[in-house]
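Participant: Following this message is one structure expressed as structure tokens.
The values are calculated or read from the model by the stated rules, or taken from the named source; none is laboratory data. Note that the structure is a prediction, hence the values are computed from the model and not measured. All Cβ positions, even for glycine, are placed from backbone atoms using ideal geometry, and neighbour counts span all protein chains on display.
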Amino acid sequence: MSGIKLSNIFKSYSGIPAVRSLSLEVKDGEFLTLLGPSGCGKTTTLRMIAGLEDADKGEIVVGNTVFYSSLKGVYIPPEKRKLGFIFQSYALWPHMTVRKNIALGLEQQGLGREDIEKRIEEVLVKVQLEGLGERYPSELSGGQQQRVAVARMVAMEPEIFLMDEPLSNLDAMLRIDMRTELKRLHHELKATTVYVTHDQNEALTLSDRIAVMNKGEIKQIGSPEEIYTKPDDLFVARFVGSPRINILQGTIEKGTVRVLKGRFNTNTQIKYKNDSVFATIRPEDVRINQRKTEGWLEAKVYSVLPAGSETLVYLKYNDSSITVKMNGFSSLKEDDLVWFYPDPAKMNFYSTETEKLIK
Amino acid sequence: MNDQGHNRLKFGLAKLRYKNYYILAVVFIVIFTFLVLVPLIKILITSLSFQANDERIVRGAREGAFTFYHYTRVFVGRLSRSLFYKPLKNTIIIGIGVTTLSMFMGTILAWIIVRTNIPFKKFLNTVIVIPYMMPSWVLALAWLLVFKNNRTGGAPGMITDLFGIVPPDWLSYGIFPIIICLGFHYYAYSFLLVSGALETVNSELEEAGALSGLDKLKVLKKITFPLVLPALGSSFVLTFSRSMGTFGTPALLGLPVRIFTIPTQIYASINARNTGDSFVLALVLVFMAAIAIYFNSKIIGKRKSYVTMGGKGFRSKPNNLGIWRIPITVAVFMFLIIIIIIPVILLAWNTLMLLPDDYSLSNLTTHFWVGESNFKISSGEEGIFRNPGIWGGVANSIKLGISAALLNAFLGLFVGYAIVRSRGTRISRSLEALSFAPYVFPSIAMGAIYLGMFARPVGPFPALYGTFWLLLLIVVVKNMPFSSRTGMSAMLQIDKSLEESAQIEGMPWFKRFWKIIFPLSRSGFFSGMLLTFITSMRELSLIILLITPSTRVLTTIIFGYEDQDMVQHANGVTLILMLIIVSANFIMRRFLGSKSVIGIKES
């Protein structure tokens, strides 16, 4: 039974803060993803849980054990934390066979020969690498190396899995396959997992909860659905979702918000001290029509990007550009005239000052 | 101490306990401070005070009292011309001459071998650096066999014997032969650095030049040359500082006619018990070397900005030599024969001659190899194979070589580990600087420093003078810059995560080092070992001042024989030394599969 609790973690590198006042609780058996752009402190946070970096201040508790506490003066080194960790580079030992890679940690645990052999066979089957035990890492494909890294971690039977962008070195197709495998693995083993990625799609696919980070702070923490549909601020709104969310300038006139230079009335009532707000809408929530439709706005097609299952259409409306996601292929061409409708029910509204969610 | 402070200290110690690299780094810093910084300060102090010997010469002088006496004596006194200015002038002339010659040879050979369609490339690449493995003064010995005149007594050289022509003094001894002999030794630096740079020049860059309408010479001048310019700069600084500090060749070819360089003047001053003078001169050499290194680091710093090697589409298309291919090949082989084969033959032949100036077949003898003591020949010195003194030297040399190699390789690895792992901290920077500091000490100066420091017991060390341990100590410290660099580059090649993953799996530090880090840095470890072995086998300048009869090694035995004009013995022992070096190289490569060791690592 191991949850993870980080309280008030600070970490800086030669005076430059990397993680600021970070508190986070990962529930037992939960799959939590730290998502954010590079340099946001997500990997540092993960490495601090593992003990590969030391926090300047704060406390890290796993299960009932204090791993690190600057206040209580407690420090447990990484080699005694009994965690699992998958490195971005996999960190397979190049001078050892797959079998030896897996065995080394088990020998350290003091397991007997037979138990070790048995466990190696089990995990190799689990990651579908039966029969490749005698290979060296360099003789394996990227995907297979990734599986060895998983096998090596799983063999140790840790209660906590920490993964640092484990899929980022794989090609696009393989990455999707491995997501399926990792999700299945988590489902079977129910280990508390902290997963670091900059790929919002990966985060949405895998996680029970996502913590979006920026500049060393957690911006929002919630289920993938909450993060996607109700971002707490514009940073999260922009960072999550592909294609990128539409952000429209809005004004409050007589209590309701109007966007696109006042030409579209969202009929949404907002009480706010300023008379200007930002309105956001996902590209799939903008409807589009080739015939003139009452209450819809007329725009010119700037660019059409078909991608098989969907087509992205970029519109120009006065000075604003609007991205629309349509299903399947489309007969639209550049410079066509169309009518579009941003569904106010799907809109979120943000302060222009703090960029925080208002409604 | 209050509770909170106590807690923080405990916390800090708890963290530190598992960060062995900090502990290692601090231990090394303490050791190197003692072995590198303290000696430097000590000679500074010694040079600024009277020695016992001065009490007889200077009125009112008391041992240990502060004085500028040695400085005024060396820089402005009546003797300053012969003590300092003339040796300085000679040192600089030799430095410039050697550098020019060796850069010229090295660069041309590098271009020919890397960028043209000359045959036997692989073979040439190996053979061309052989002179560099040998002691730098082997050529000087061979030179004396050919060009020696009758001016200094002893048998004259071949030219006089065979043709009856007495070579003029400038040809027999002094600056000219010193430049030639050192130039044909040190060209290996330029060769290695420039060929390294040329190998990274993408042919497409040259082809792009050709396509924009430049002719071959213009391409060479406008594109190739600027790209290797930083390498040329480095080889200039490196060769100059090395030739400046060398002792063997200027001693063999300069001392007999009283032509001094700063290193040989240091030797002379020490022998004359003018320790203060010699320390002032040693400081001058340290200062000059520091300047050279400063410039070198500037050049290397700039070199990093040249990204000549792209990840993709790298091609190297050799230039076609056309009708010149055969003449140039012949010329290169001739060059190698002259600087490698002929000297060896000359030395070997000489050892078989009873009278050193009689070239008739009836004069051939095996006496110098297997003969029993005969007081009519070489003051009764026994033949090399039955000579216990020489076998003792062989044993000492090999003992020194192997122990230094092992120690340096291990220490280098640990130092490299400590530096790389604690990167970004002041500790790391200090250790890096300290481990590199011995590089600044010219060998002879360092010998002088250690002589002064370890003649008496210091700190934990008993008086080491006259023991094998002092030789080992100085060789290990002097080689530290190279072995710590080797260790560092080995460590940099091992991604940190490889150790971290072992740590996560619960392995303690010692086991991580033994199971992961050591196996992964093995090739650097062994090539570092071989390099140290070779350098310590051929070392003369560094230890010449520290040798006592019981600790004689091959190089000092050779120097001793040469000094007593027992040429055949000197040459024979030289051949044995060369044989040991070549076989060590061969065995190492054969059985350990280590890559070429004589690489740019030294730079």
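Listed here are the residues, each with its yes/no results for (1) in contact with a Pro (Cβ under 9 Å, 6 or more places away or on another chain); (2) at pLDDT below 80; (3) within 14 Å of chain A (Cβ to nearest Cβ).
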| position | (1), (2), (3) |
| --- | --- |
| B:N2 | no, yes, yes |
| B:F32 | yes, no, no |
| B:V38 | no, no, no |
| B:F68 | no, no, no |
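Participant: Could you list, in sequence order, the residues of region B:412-426 that are more than 19 Å from the chain's Cα centre (by Cα) and more than 14 Å from every other protein chain (Cβ to nearest Cβ)? Walk me through how you get there before you give the answer.
Facilitator: Narrowing region B:412-426 to residues more than 19 Å from the chain's Cα centre (by Cα): B:413-426.
B:L413, B:F414, B:V415, B:G416, B:Y417, B:A418, B:I419, B:V420 - these are the residues of region B:412-426 that are more than 19 Å from the chain's Cα centre (by Cα) and more than 14 Å from every other protein chain (Cβ to nearest Cβ).
Participant: When B:S362 is evaluated against the numbered criteria (1) crowded, with 16+ Cβ neighbours inside 10 Å; (2) in a helix (DSSP H, G or I); (3) not aliphatic (A, V, I, L, M), which criterion, by number, is the only one it fails?
Facilitator: So the condition that B:S362 fails would be (1).
Participant: While we're here: Could you give me the residue pairs with C-beta distances under 6 Å whose first residue belongs to region A:66-79 and is facing chain B (nearest Cβ under 8 Å) and assigned to a strand (DSSP E or B), whose second residue is of a type in the set (A, V, I, L, M, F, W, C) and surrounded by fewer than 20 Cβ atoms within 10 Å (Cβ to Cβ) wherever it lies, and which are 6+ apart or on separate chains?
Facilitator: Within 6 Å, the pairs are A:V74/A:V66; A:Y75/B:A14.
Participant: If you don't mind, another one. Checking A:F161 against (1) touching a residue at least 12 places away in the same chain (Cβ under 8 Å); (2) part of a helix (DSSP H, G or I); (3) more than 10 Å from chain B (Cβ to nearest Cβ), which single condition isn't satisfied?
Facilitator: Answer for A:F161: the failing condition is (2).
Participant: Of all residues in region A:311-332 being among the polar types (S, T, N, Q) and outside any strand (DSSP E or B), which is farthest from A:F278 (Cα to Cα)? First the steps, then the outcome.
Facilitator: Applying the first criterion (among the polar types (S, T, N, Q)) to region A:311-332 yields A:311, A:318, A:320-321, A:323, A:327, A:330-331.
Now restrict to residues that are outside any strand (DSSP E or B): A:318, A:330-331.
Working: A:N318: 17, A:S330: 30, A:S331: 32 Å.
The residue in question is A:S331.
Participant: Looking at this structure, is B:P457 farther than 13 Å from B:M480 by Cβ and without any contact (Cβ under 8 Å) to a residue 40 or more places away in the chain? Show your work before the answer.
Facilitator: Working: farther than 13 Å from B:M480 by Cβ: yes; without any contact (Cβ under 8 Å) to a residue 40 or more places away in the chain: yes.
It is true that B:P457 is farther than 13 Å from B:M480 by Cβ and without any contact (Cβ under 8 Å) to a residue 40 or more places away in the chain.
Participant: Okay, next question. Say whether the condition of being more than 14 Å from chain A (Cβ to nearest Cβ), among the hydrophobic types (A, V, I, L, M, F, W, C) and part of a strand (DSSP E or B) is met by at least one residue in region B:483-500. Full working, then the answer.
Facilitator: Our first condition is that a residue be more than 14 Å from chain A (Cβ to nearest Cβ); within region B:483-500, this holds for B:483-489, B:491-492.
Next, from what is left, pick out any that are among the hydrophobic types (A, V, I, L, M, F, W, C): B:488, B:491-492.
Going one step further and asking which of them are part of a strand (DSSP E or B), we end up with none.
No, every residue in region B:483-500 fails to be more than 14 Å from chain A (Cβ to nearest Cβ), among the hydrophobic types (A, V, I, L, M, F, W, C) and part of a strand (DSSP E or B).
Participant: Please indicate, with yes or no, whether at least one residue in region B:562-569 is within 24 Å of the chain's Cα centre (by Cα), surrounded by fewer than 17 Cβ atoms within 10 Å (Cβ to Cβ) and either part of a helix (DSSP H, G or I) or within 14 Å of chain A (Cβ to nearest Cβ) (or both).
Facilitator: Filtering region B:562-569 down to residues within 24 Å of the chain's Cα centre (by Cα) leaves B:562-563.
Going one step further and asking which of them are surrounded by fewer than 17 Cβ atoms within 10 Å (Cβ to Cβ), we end up with B:563.
Still in the list and also either part of a helix (DSSP H, G or I) or within 14 Å of chain A (Cβ to nearest Cβ) (or both): B:563.
Looking through region B:562-569, at least one residue is within 24 Å of the chain's Cα centre (by Cα), surrounded by fewer than 17 Cβ atoms within 10 Å (Cβ to Cβ) and either part of a helix (DSSP H, G or I) or within 14 Å of chain A (Cβ to nearest Cβ) (or both).
Participant: Taking region B:501-556 on its own, how many of its residues are polar (S, T, N, Q), surrounded by fewer than 23 Cβ atoms within 10 Å (Cβ to Cβ) and outside any helix (DSSP H, G or I)?
Facilitator: Selection size over region B:501-556: 1.
Participant: Please state which one of B:G466, B:G401, B:G416, B:G412 is in contact with a helix residue (DSSP H, G or I) (Cβ under 9 Å, 6 or more places away or on another chain), touching a residue at least 24 places away in the same chain (Cβ under 8 Å), assigned to a helix (DSSP H, G or I) and farther than 30 Å from B:K19 by Cβ.
Facilitator: Within the list B:G466, B:G401, B:G416, B:G412, the selection yields B:G401.
Participant: Taking region A:192-221 on its own, how many of its residues are at positive phi and buried (at least 17 other Cβ atoms within 10 Å of the Cβ)?
Facilitator: Taking region A:192-221 first, the residues at positive phi are A:215-216.
Keeping just the survivors that are buried (at least 17 other Cβ atoms within 10 Å of the Cβ) gives A:216.
Residues meeting the conditions: 1.
Participant: Identify, please: which residue in region B:189-234 is β-branched (V, I, T) and over 21 Å from B:I130 (Cα atoms) and is, among those, nearest to the chain's Cα centre (by Cα)?
Facilitator: The initial filter retains those residues of region B:189-234 that are β-branched (V, I, T), namely B:194, B:200-201, B:219, B:223-224, B:228.
Next cut, over 21 Å from B:I130 (Cα atoms) only: B:200-201, B:219, B:223-224, B:228.
Numbers: B:T200: 26, B:V201: 29, B:V219: 36, B:I223: 33, B:T224: 30, B:V228: 24 Å.
Filtering region B:189-234 for residues that are β-branched (V, I, T) and over 21 Å from B:I130 (Cα atoms), the one nearest to the chain's Cα centre (by Cα) comes out as B:V228.
Participant: I need a count of the residues in region A:85-100 that are more than 7 Å from chain B (Cβ to nearest Cβ) and aromatic (F, W, Y).
Facilitator: 1
Participant: Here's a check for you: in region A:121-143, which residue that is within 14 Å of another protein chain (Cβ to nearest Cβ) and touching a helix residue (DSSP H, G or I) at 6+ places or on another chain (Cβ under 6 Å) is farthest from A:T192 (Cα to Cα)?
Facilitator: Filtering region A:121-143 for residues within 14 Å of another protein chain (Cβ to nearest Cβ) gives A:123, A:136-138.
Narrowing further to those that are touching a helix residue (DSSP H, G or I) at 6+ places or on another chain (Cβ under 6 Å): A:123, A:137.
On the way: A:V123: 19, A:P137: 28 Å.
Applying the filter and picking the extreme gives A:P137.
Participant: Kindly indicate whether B:L101 is closer than 23 Å to B:A348 by Cα and in a helix (DSSP H, G or I).
Facilitator: Values: closer than 23 Å to B:A348 by Cα: no; in a helix (DSSP H, G or I): yes.
It is false that B:L101 is closer than 23 Å to B:A348 by Cα and in a helix (DSSP H, G or I).
Participant: Name every residue in region B:503-523 that is of a type outside the set (D, E, K, R), free of Cβ contacts under 8 Å to residues at least 60 places away in the same chain and more than 7 Å from chain A (Cβ to nearest Cβ), in order of residue number.
Facilitator: Quick first cut of region B:503-523, residues of a type outside the set (D, E, K, R) only: B:503-504, B:506-510, B:513-514, B:516-521, B:523.
Filter again for free of Cβ contacts under 8 Å to residues at least 60 places away in the same chain, leaving B:503-504, B:506-508, B:510, B:514, B:516, B:519-520.
B:F510, B:W514, listed by residue number.
Participant: Could you please let me know if A:Q146 is more than 9 Å from chain B (Cβ to nearest Cβ) and part of a helix (DSSP H, G or I)?
Facilitator: It is true that A:Q146 is more than 9 Å from chain B (Cβ to nearest Cβ) and part of a helix (DSSP H, G or I).
Participant: For region A:101-116, which positions are under 22 Å from A:L185 (Cβ atoms) and away from every other protein chain (no Cβ under 14 Å)? Full working, then the answer.
Facilitator: So in region A:101-116, the residues under 22 Å from A:L185 (Cβ atoms) come out as A:101-106, A:109, A:111, A:115-116.
Correct list: A:D115 only.
Participant: Looking for whichever is assigned by TED's automatic domain parsing to the domain that holds B:V332 and on the phi < 0 side of the Ramachandran plot here; the options are B:I41, B:I45, B:I94, B:I31. Which one fits?
Facilitator: Working: B:I41 fails: assigned by TED's automatic domain parsing to the domain that holds B:V332; B:I45 fails: assigned by TED's automatic domain parsing to the domain that holds B:V332; B:I31 fails: assigned by TED's automatic domain parsing to the domain that holds B:V332.
Only one candidate qualifies: B:I94.
Participant: Follow-up question, since we're still on this one. I'd like the full set of residues that are under 25 Å from the mean Cα position of the chain (by Cα) and farther than 17 Å from A:D164 by Cβ, limited to region A:83-98.
Facilitator: Filtering region A:83-98 for residues under 25 Å from the mean Cα position of the chain (by Cα) gives A:83-92.
Within region A:83-98, none qualify.
Conditions (1) in contact (Cβ under 8 Å) with a residue 12 or more places away in the chain; (2) crowded, with 21+ Cβ neighbours inside 10 Å; (3) under 33 Å from the mean Cα position of the chain (by Cα); (4) closer than 30 Å to B:G183 by Cβ, marked per residue:
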site: B:K42; (1), (2), (3), (4): yes, no, yes, no
site: B:I45; (1), (2), (3), (4): no, no, yes, no
site: B:S49; (1), (2), (3), (4): yes, no, yes, no
site: B:R59; (1), (2), (3), (4): no, no, no, no
site: B:A65; (1), (2), (3), (4): yes, no, no, no
site: B:V74; (1), (2), (3), (4): yes, yes, yes, yes
site: B:R81; (1), (2), (3), (4): no, no, yes, yes
site: B:I93; (1), (2), (3), (4): yes, no, yes, yes
site: B:T99; (1), (2), (3), (4): yes, yes, yes, yes
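Participant: Okay, moving on. Of all residues being at pLDDT 90 or above and assigned to a loop (DSSP other than H, G, I, E, B) in region B:153-200, which is surrounded by the fewest Cβ atoms within 10 Å (Cβ to Cβ)? Just the residue, please.
Facilitator: Among those that are at pLDDT 90 or above and assigned to a loop (DSSP other than H, G, I, E, B), it is B:G174.
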